[in-house]
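Okay, so here's the structure we're looking at.
Just so it is clear, none of the values below were taken in a lab; they were calculated from the coordinates. Everything numeric here is computed off the predicted structure, so don't read it as measured data. Note that we place each Cβ from the backbone using ideal geometry, even for glycine, and neighbour counts take in every protein chain shown.
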């Protein structure tokens, strides 16, 4: 399995790996590429999955990126595992650029106009909104008053601009990754197939040598020495 681990991580280990994985982000990127090239699917389906994963990384649907990427890949007939791996494009290194750029572009497209928004403020705003949603859900069952004013401000001031502004750069980035990954995955799969054929040919030659040696009462080394 692609995601199964022999030793399960604790919550703190998972949190630390989310911010800075063991071995660094370069090693993590190499691991993702290693998994992508070994998926048992045609290159175009894997590349479609990459497109879905990269695109969903430009949306403010935090916590739903895996599900969103899988859904888009399913609709595009792409590889779902590749889509989930493609969400690696959105990570703590790229998130500030994606978030701030998308929010600013969204405000510009919507004509609401806003100065630069710090990435830390965006993250804290999403965390606060999530807590308020949960609080309103609890209030509904406990027959307490619900408060939607802050969520309304969050939606129009941050979520909607982020959603609108992330579409165009998401399409550009996803399409770029698609056309870059497609020939690379195809070339890598051809190389792996060639290595497998060469390995199978060597195994057949060894089996034939052993069969000849058994037939004439010689070892494969002796048979090889006589043939030379």
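At a 10 angstrom cut-off on C-beta neighbours, averaged per residue, how do the peptides 157-165, 187-195 rank from highest to lowest?
Ranked from most to least packed, the peptides come out as 157-165, 187-195.
Working out 0.36 nm times the residue gap between residue 186 and residue 208, then minus their Cα-Cα distance, what length gain in nm do you get to one decimal?
Result: 4.6 nm gained on full extension.
How do the peptides 196-204, 77-85, 175-183, 45-53 rank, highest first, by the average count of neighbouring beta carbon atoms within 10 Å per residue?
The most tightly packed comes first, giving 45-53, 77-85, 175-183, 196-204.
I need the calculated FRET efficiency for the pair residue 112 and residue 38, taking r as the beta carbon distance and R₀ as 41 Å, to the nearest 0.05.
E(calc), rounded to 0.05, equals 0.35.
Going by average Cβ density within 10 Å per residue, which order do the peptides 100-108, 35-43, 60-68 take, highest to lowest?
Ranked from most to least packed, the peptides come out as 100-108, 35-43, 60-68.
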